[in-house]
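In what follows, a single structure is set out as structure tokens and then discussed.
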Amino acid sequence: MERKLKEVDAMAANHMDNGFYGQDIISVGQFDRTKLDYILNVADEMKVVVERFGGVNLLQGKILANLFYEPSTRTSSSFMAAMLRLGGQVIPINNVQYSSVTKGESLPDTVRTLESYADIIVIRHPEVGSAATAARYAGKPVINAGDGVGEHPTQALLDLYTIVEGLGEVGGLKVAMVGDLKFGRTVHSLTKLLVNYPVEFIFVSPDILRMPKDVLDVVDASGHLYEESEDVHDMIGDVDVLYVTRVQKERFTDLAEYDQVKDRYVVDPELMARAKERMIVMHPLPRVNEISYAIDNDPRAAYFRQMRNGMYIRMALLAAVLGKA
Ligand code: ASP
Ligand code: CP
């Protein structure tokens, strides 16, 4: 992929060979082990910087356009916090109904507009492929913050960071993904990212919400083993990572179908009593009913740490793409 940033300043010159400089971040397929190690290490450094100093002025003079066509709490505010903690500034467009999108402005024109004010664009949009479309029209780097039921690559990076933080390494782990594997973009990205490591997958879902074939094809092609199941009780005692997802109500055309499956899996103290002592429970959040509040204080509950890690990963990505990491 051609790098987009042509101008080189003195500081960036040292950091252009990080493999991220000037790149769009659209899919986890872009990352190999070298890039993953790099970004996890930079995220570690960002964590130390935030804990010690609150931030660092690496991106002073840079502006992020944060363009969200779908609801978000974590992704939107953690990208914002990441940019602010790095000394940059943000144009937040969270309510597209108040932008010229409502007047019929197209995605390409919206992106062209924003890049004339900003140095980098983060986009969440309901259509699969929308971030790639935005990237095609933008001369500045574009980061995919969720394209419909497609991918959520920065979430997968923060998930990976959380797995390493919680369990030390990824190799040899049994990873179970539970819930809405059909519409959940986070599990699509995480599965495709984890094939970079020797893990085993268990996909647990109701029949109508099974992992899509294109994702299973990636697992097959990589030579990894996976099982599919409808029951979480069968395997809970074996898993190292239990990655729980929300049933994505907004993606259903038939709400009666949603009602049938919405409360199929609930992680509660009774289920956790059957889990290993050393394992972690993850969830991209927001949760609805699928994780009981009664396990929030269980040390194995990693979902709040996961959410916080999003800021460090996004600091690392912004700094790397803008040539300052
Ligand atoms: N926040 C995640 C996403 O946007 C997961 C979810 O909404 O359930 O994909
Ligand atoms: N995990 C996640 O993407 O959360 P938001 O939808 O709140 O951004």
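Take 156-169, 286-299 and order them by the average number of nearby Cβ atoms within 10 Å per residue, most first; the result is 156-169, 286-299.
Backbone geometry of the range 245-257 corresponds, through the Karplus equation with coefficients 6.51, -1.76 and 1.60 at θ = phi - 60°, to 3J(HN,Hα) couplings of 10, 7, 6, 7, 3, 5, 9, 7, 8, 10, 5, 5, 5 Hz, x marking Gly and Pro. Between residue 323 and 22, the built amide H atoms are under 5 Å apart, and every one of these is 5 or more places off in sequence or on another chain. Compared with the dominant principal axis of the Cα atoms in the chain, helix 33-53 is inclined by about 80°. In order along the range 215-228, the phi-based Karplus estimate (6.51 cos²θ - 1.76 cosθ + 1.60, θ = phi - 60°) of 3J(HN,Hα) comes to 6, 4, 4, 5, 5, 4, 4, 7, x, 7, 8, 8, 10, 10 Hz; Gly and Pro are listed as x. Sorting 33-45, 188-200 by average packing, meaning the other beta carbons within 10 Å per residue, from highest down gives 188-200, 33-45.
Only helices enter the 222 nm calculation for the chain: every DSSP H run of n ≥ 4 contributes -39,500 (n - 2.57), and dividing by all residues gives -11000 deg cm²/dmol, rounded to 500. Under the criterion of Cα pairs below 8 Å and six or more residues apart, the relative contact order for the range 1-154 equals 25 percent. For residue 174, the residues whose amide H sits under 5 Å from its own are 200, 240, 241, ignoring neighbours fewer than 5 places away on the same chain, with H placed 1.01 Å from N.
Under 5 Å from the amide H of residue 90 lie the amide H atoms of 64, each residue being 5 or more positions distant or on a separate chain, with H modelled from the backbone and absent for Pro and chain starts.
Under the convention that each Lys and Arg Cβ holds +1 and each Asp and Glu Cβ holds -1, the size of the dipole of the range 33-153 around its Cα centre is about 200 debye.
Around the Cα centre of the range 224-280, unit charges on the Cβ atoms of Lys, Arg, Asp and Glu (plus for the first two, minus for the last two) sum to a dipole of about 280 debye. Neighbours of residue 276, meaning other residues whose beta-carbon lies under 11 angstrom from its beta-carbon, give a summed charge of +1 when Lys and Arg score +1 and Asp and Glu score -1.
Around the Cα centre of the range 87-207, unit charges on the Cβ atoms of Lys, Arg, Asp and Glu (plus for the first two, minus for the last two) sum to a dipole of about 220 debye.
Among the listed pairs 249/276; 4/62; 103/140; 4/249, a Cα-Cα separation exceeding 26 Å is found for 249/276; 4/249. Per atom type, the chain shows carbon and sulfur on 50% of its accessible surface, probed at 1.4 Å.
Spatially, the range 135-161 and the range 72-87 are offset by 14 Å when compared through their Cα centroids. Across the chain, the mean sequence separation of Cα contacts (distance under 8 Å, 6 or more residues apart), normalised by length, yields a relative contact order of 21 percent. At a probe radius of 1.4 angstrom, the accessible area of the chain per residue rounds to 43 square angstrom. Cross-link reach is defined here as a Cα-Cα straight distance under 20 Å, omitting same-chain residues fewer than 8 places apart; for residue 35 the aspartates and glutamates meeting it are 2, 17, 24, 44, 45, 151, 159, 165, 169. Our coupling estimate for the range 131-139, obtained by passing each phi through the Karplus curve with A = 6.51, B = -1.76, C = 1.60 and θ = phi - 60°, is 5, 5, 5, 4, 5, 5, 8, 8, x Hz, Gly and Pro reported as x. Let a ≥ b ≥ c be the square roots of the eigenvalues of the Cα gyration tensor of the range 192-325; is it rounded (a/c under 1.5), or, if not, prolate (a/b larger than b/c) or oblate? It is rounded, given that a/c, with a ≥ b ≥ c, falls under 1.5.
The values are calculated or read from the model by the stated rules, or taken from the named source; none is laboratory data. Every value quoted in this text rests on a predicted model; they were computed, and no experiment measured them. Please note: Cβ atoms are built from the backbone with ideal geometry, for glycine as well, and neighbour counts cover all protein chains shown. The protein model used for the area step is the full one, side chains on, heavy atoms only, and it has no ligands, DNA or RNA in it. Shrake-Rupley method; radii C 1.70, N 1.55, O 1.52, S 1.80 Å.
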